[in-house]
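Taking it in order: structure first as structure tokens, then the write-up.
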Amino acid sequence: MSFLTISHLEKSFGVTRVVKDFNLDVEKGEFISLLGPSGCGKTTVLRMVAGFESPSAGNITIEGREVSSLKPNQRNIGMVFQAYALFPNLTVAQNVGFGLRVKGVPAREIAARVEEMLALIGLPELGDRYPFQLSGGQQQRVALARALAPKPQVLLLDEPLSALDAKVRVSLRNEIRAIQRELGITTIFVTHDQEEALSMSDRIVVMHQGVAEQVGSPFEIYNAPATRFVAGFVGTLNTLDAQVLDPATGRVKLGENELTLGRAVPPGEATLGLRPEMLRLGAHPGEAALTGTITELDFLGSVIRLRIDLGGQKLAVDLFNTTRQAPPKVGETVSLALNPADALVIGA
Amino acid sequence: MTRAASWAILLLGITYFVLPLLGMVEFSLSMRRGEYSFDAYAAVLADPQFRQTFSYSVVMALLTIVFGILLVVPTAFWVRLKLPRLRPVVEFVTLLPLVIPAIVTVFGYIRLYNTSSWLPLTGTIFGTNLLLMFGYAMLSLPYMYRAVDTGLRTIDVATLTEAAQSLGAGWVTIIVKLILPNVLVAVLSGSFVTFAIVMGEFTMAALLNRPAFGPYLQLMGANKAYEPFALATIAFIITWACMGLIQLVTRFTKHDKAGR
Amino acid sequence: MTDLTSPPPKRRWHPSLTWLGLLPFALFILLFLVLPTMKIVIGAFQRADGSFTFENIAGLFTASILSSYWISIKISVASSAFGCLIGFLMAAAMVLGGLPRGIRSPLMTFSGVASNFAGVPLAFAFLATLGPLGLVTMFLRTEFGINLRAMGFNILSFWGLTITYLFFQIPLMILIITPALDGLKREWREAASCLGASGAQYWRIVALPILFPTILGTFALLFANAFGAVATAIALTGSSLNIVPIMLFAQIRGDVLGNPHLGYAMAFGMILVTGLANVVYIVLRIRSERWLK
Ligand SMILES: Nc1ncnc2c1ncn2[C@@H]1O[C@H](COP(=O)(O)OP(=O)(O)O)[C@@H](O)[C@H]1O
Ligand SMILES: [Mg+2]
């Protein structure tokens with residue numbers, strides 16, 4: 001039995017089902033991300049775990065204990081919200097100590113724990129400030145400390161970084177992950193930002209229209225997307241229509257080009273998924289070759305993105321920018337190399 | 001709070017508010033023994049004193065509104081444009097009439113502007129009417145000022161003014177053509193509140209001895225059985241109409257803005 | 001503001017011209033609020049011949065005047081306390097109680113109407129309802145055999161006046177507190193709940209302290225509102241209940257106290273009471289809003 005299990009969870013608002021047959025097993029200490037576009041039901045799942053919404057069907061157990069019938073204040077769950085949600089009338093220290101105060105913990109113990117938590121988030125001197133005197137990043141750290149202070153069994157974070165500006169977002173991302181590792185707390189992190197999910201998570205749940213499309217490590221999600229949606233949502237992907245010439249060896253025709261994937265594919269039409277970084281310019285022995293014409297060239301700093309016309313189909317290709325090589329020009333016909341084993345064959 | 005408790009509180013509250021209105025209307029219809037009739041209303045409407053006091057108050061209300069607009073709109077505009085640091089002070093001052101009881105203010109008027117003073121307003125009927133209008137304007141100042149100031153907040157006064165000035169418009173043109181239309185809704189809201197306040201006002205009119213609707217109501221209450229309730233119902237309908245009109249103009253502009 | 005083209009002598013005139021724009025308003029306030037109030041304050045410390053004295057103030061300390069202040073203060077405190085409490089409960093039921101959204105707009109409009117429906121007509125409405133022959137009085141007597149009068153209830157009393165005043169006090173509270181309740185973020189409640197707080201703990205530690213300044217301010221406003229209410233009281237009770245505004249009204253009309261300057265003192269007392277209520281409010285508000293800029 002896993003630490004936290006969610007099975008056959010459903011939620012409907014009126015007639016619209018916003019969460020459909022959601023299943024997830026989370027191990028103790030694991031960091032799970034729910035990743036998906038806005039409106040796909042991530043927050044709703046999280047709110048059902050926290051107890052703010054009651055499921056239309058299904059079960060949630062924590063350490064084998066069914067929690068569906070428990071009120072939020074009986075669940076021992078920590079939650080961090082997008083908009084910080086610090087209590088504006090309490091100081092930082094009072095905010096962090098709130099969970100202990102309502103449990104009736106003696107003041108001296110509260111003070112010690114608050115000090116410990118403020119040290120953990122790196123703001124040991126700000127205990128007497130009010131929330132309005134803090135920056136967004138500091139507020140969100142305090143919110144994290146407040147959620148963690150009563151030692152919850154599970155930590156839930158609902159897009160905690162999306163209200164912050166880019167620099168703070170990246171540094172706080174690493175900090176949250178470090179604190180989570182240090183405390184070994186089981187965490188569910190909701191985000192619509194794939195980079196966040198890929199960089200922080202042990203495992204990612206990709207959600208789409210209330211359904212968990214794929215559950216897997218960041219590596220699996222990126223390199224072996226199970227569905228067309230996952231492939232398209234996580235990272236940039238070229239999807240190319242190909243004709244299968246030989247299902248057994250995986251020989252396919254891509255416009256004018258032919259390539260052999262070296263594994264079996266279903267007969268008929270296939271959709272190939274190629275990441276922009278899978279392709280290189282020039283011919284390389286042992287790799288498949290594609291020929292096409294450059295139609296556009298975007299200089300993005302460390303990377304040059306080419307748009308290539310492959311006999312009617314568009315393909316984006318990323319090259320590293322090096323000084324050793326003159327960049328290609330628009331209109332040139334180029335040869336591209338590809339390791340056929342990398343190409344994704346996308347199902348439904 | 002549970003939903004049941006909420007419903008209970010709400011229904012109890014509504015009962016408290018509906019019962020007096022019901023009692024008032026019921027009494028106003030009970031002049032004829034044994035059946036409901038509009039006799040009390042007919043009696044009221046036939047009373048020449050009703051017509052005199054009612055029209056007196058309507059005229060006073062309209063004058064107060066005109067004066068209030070002329071006083072408040074330029075002031076609120078000027079404060080926003082030129083003296084923004086003074087805004088809290090002005091706002092505080094406009095709230096004072098809510099704190100200083102009307103009876104105290106009017107007492108001051110009577111003693112300050114009596115026949116033997118440097119400005120003997122109470123010496124003539126015209127002067128007393130003028131004084132009463134100033135009093136009414138003071139009573140409605142908190143509402144009028146807040147309405148207009150809120151209205152001004154939604155438009156960028158400084159930019160609009162600069163634009164107008166660069167086109168060579170004078171101050172009068174700016175206020176009439178630019179500011180006023182933009183705060184029209186706010187001004188209307190303030191005007192309706194003013195109207196409702198003046199129509200029901202008793203203390204100032206009674207102490208200045210002017211034949212207004214409020215003192216007439218009180219007089220009828222002391223001397224007649226059913227007519228006062230018909231009058232109270234009429235007063236309630238006037239108040240309701242004023243508030244309803246505020247809702248209407250506000251909603252109207254909301255749609256207007258959404259459409260843009 | 002930085003008008004570089006205008007010549008220096010003209011620029012010297014700018015500040016005073018700016019202030020000139022405020023002149024009509026300042027004049028109006030001076031003539032019809034400040035000077036009349038000053039006249040009262042000064043008059044309270046003058047004899048008829050204009051010499052300075054404390055006699056008028058001392059004259060307030062007679063049994064009948066003191067008791068009129070006392071009952072006025074009691075009615076004002078009771079009607080504003082109940083007004084705040086009931087208005088708060090109704091607004092909370094409407095905003096947080098899970099009632100249909102459709103209730104809101106009519107209730108707010110009605111509050112606007114009822115808070116302005118004061119004065120003489122309001123007194124009539126309550127006479128028609130709780131007076132000796134009122135709707136509710138008669139209904140209770142004929143249907144349930146309950147005789148309100150025999151039970152000691154009288155519309156011309158402390159409770160009668162308080163219940164009547166609530167008709168404009170409650171709606172005023174609803175109008176002011178509803179936006180404040182809207183300002184309570186759902187996340188605060190949820191965060192508190194996650195951290196193990198009960199509903200009562202959330203209200204005590206978070207929500208009420210946040211609302212406190214608004215509630216306090218409304219209380220001060222309702223207090224002044226009730227303390228200065230003349231019309232309702234006169235229409236309802238004639239002169240049978242000795243509250244300050246009624247006594248002052250009679251004094252202004254006919255010098256019933258036999259000393260014109262005692263009237264000044266009474267009016268000065270009214271300013272003092274409402275002024276004090278507001279000073280208390282401002283002090284408490286400043287203390288309770290350390291967490292705001
Ligand atoms: N209380 C509610 N009532 C009705 N619909 C809701 C409610 N909460 C969320 N929804 C709907 O459920 C869907 C999923 O919402 P949410 O879980 O917030 O998505 P996400 O967090 O992934 O952006 C959305 O279409 C949203 O409109
Ligand atoms: Mg969400």
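Below is a table of values for the structure above.
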item: Filter result (in contact with a helix residue (DSSP H, G or I) (Cβ under 8 Å, 6 or more places away or on another chain), within 19 Å of residue C:52 (Cα to Cα) and within 11 Å of chain B (Cβ to nearest Cβ)) within region C:252-275; result: C:261, C:263, C:264, C:266, C:267, C:268, C:269
item: Failed item in (1) within 16 Å of ligand 2 (Cβ to nearest atom); (2) farther than 20 Å from residue C:205 by Cβ; (3) in a loop (DSSP other than H, G, I, E, B); (4) small (Gly, Ala, Ser), with residue A:122 passing the rest; result: (1)
item: Helices (runs of 4 or more DSSP H) fully within region B:1-107 counting 2 or more residues that are modelled with pLDDT under 90 and within 24 Å of residue B:203 (Cα to Cα); result: B:87-99
item: Members of region A:201-221 that are away from ligand 2 (no atom under 16 Å from the Cβ), in a loop (DSSP other than H, G, I, E, B) and surrounded by fewer than 18 Cβ atoms within 10 Å (Cβ to Cβ); result: A:202, A:217
item: Yes/no for residue C:189 being at the interface with another protein chain (Cβ under 9 Å from one of its Cβ atoms) and either under 30 Å from residue A:97 (Cβ atoms) or assigned to a helix (DSSP H, G or I) (or both); result: no
item: Extreme residue, nearest to residue A:214 (Cα to Cα), among residues of region A:10-43 that are small (Gly, Ala, Ser) and away from ligand 1 (no atom under 11 Å from the Cβ); result: A:33
item: Pairs where the first residue, in region A:33-44, is touching a residue at least 24 places away in the same chain (Cβ under 8 Å) and the second is near ligand 1 (Cβ under 6 Å from one of its atoms) and of a type in the set (S, T, N, Q), C-beta under 9 Å, 6+ apart; result: A:34/A:43
item: Matching helices (runs of 4 or more DSSP H) fully within region C:16-71 where at least 1 residues are within 24 Å of residue C:262 (Cβ to Cβ) and touching a residue at least 40 places away in the same chain (Cβ under 8 Å); result: C:35-43, C:55-59
item: Conditions (1) more than 7 Å from chain C (Cβ to nearest Cβ); (2) closer than 16 Å to residue B:144 by Cα; (3) open to solvent by less than 30 Å² (accessible area, probe 1.4 Å): number failed by residue B:80; result: (3)
item: Flag for residue C:33 being at the interface with chain B (Cβ under 9 Å from one of its Cβ atoms), on the phi < 0 side of the Ramachandran plot and in contact with a Ser or Thr (Cβ under 9 Å, 6 or more places away or on another chain); result: yes
item: Per-region count, region B:63-74, residues at the interface with chain C (Cβ under 9 Å from one of its Cβ atoms) and under 16 Å from residue B:155 (Cα atoms); result: 1
item: Unique match (being touching a Ser or Thr at 6+ places or on another chain (Cβ under 8 Å) and at pLDDT 90 or above) among C:161, C:181; result: C:161
item: Of all residues making up region A:293-312, the number that are under 22 Å from residue A:254 (Cβ atoms) and modelled with pLDDT under 85; result: 3
item: Test: residue in region C:279-290 that is touching a Gly at 6+ places or on another chain (Cβ under 7 Å) and farther than 30 Å from residue A:154 by Cβ; result: yes
item: Residue check, residue C:123 part of a helix (DSSP H, G or I) and surrounded by fewer than 20 Cβ atoms within 10 Å (Cβ to Cβ); result: no
item: Residue selected from region A:13-56 under the condition small (Gly, Ala, Ser) and open to solvent by 40 Å² or more (accessible area, probe 1.4 Å), by the criterion farthest from residue A:174 (Cα to Cα); result: A:14
item: Positions within region A:40-87 being at the interface with chain C (Cβ under 8 Å from one of its Cβ atoms), in contact with a strand residue (DSSP E or B) (Cβ under 9 Å, 6 or more places away or on another chain) and assigned to a helix (DSSP H, G or I), in sequence order; result: A:50, A:72
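Yes or no, residue by residue, for (1) within 16 Å of ligand 2 (Cβ to nearest atom); (2) at pLDDT 95 or above; (3) within 30 Å of residue A:230 (Cβ to Cβ); (4) touching a helix residue (DSSP H, G or I) at 6+ places or on another chain (Cβ under 9 Å):
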{"site": "A:38", "(1), (2), (3), (4)": "yes, no, yes, no"}
{"site": "A:58", "(1), (2), (3), (4)": "no, no, yes, yes"}
{"site": "A:71", "(1), (2), (3), (4)": "no, no, no, yes"}
{"site": "A:75", "(1), (2), (3), (4)": "no, no, no, yes"}
{"site": "A:81", "(1), (2), (3), (4)": "yes, no, yes, yes"}
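The values are calculated or read from the model by the stated rules, or taken from the named source; none is laboratory data. It should be emphasised that the depicted structure is a prediction, and the values quoted were computed from it without experimental measurement. Every residue, glycine as well, gets a Cβ built from its backbone with ideal geometry; the counts of neighbours run over all protein chains shown. Surface accessibility is based on the protein's heavy atoms, side chains included, excluding ligands, DNA and RNA. Shrake-Rupley method; radii C 1.70, N 1.55, O 1.52, S 1.80 Å.
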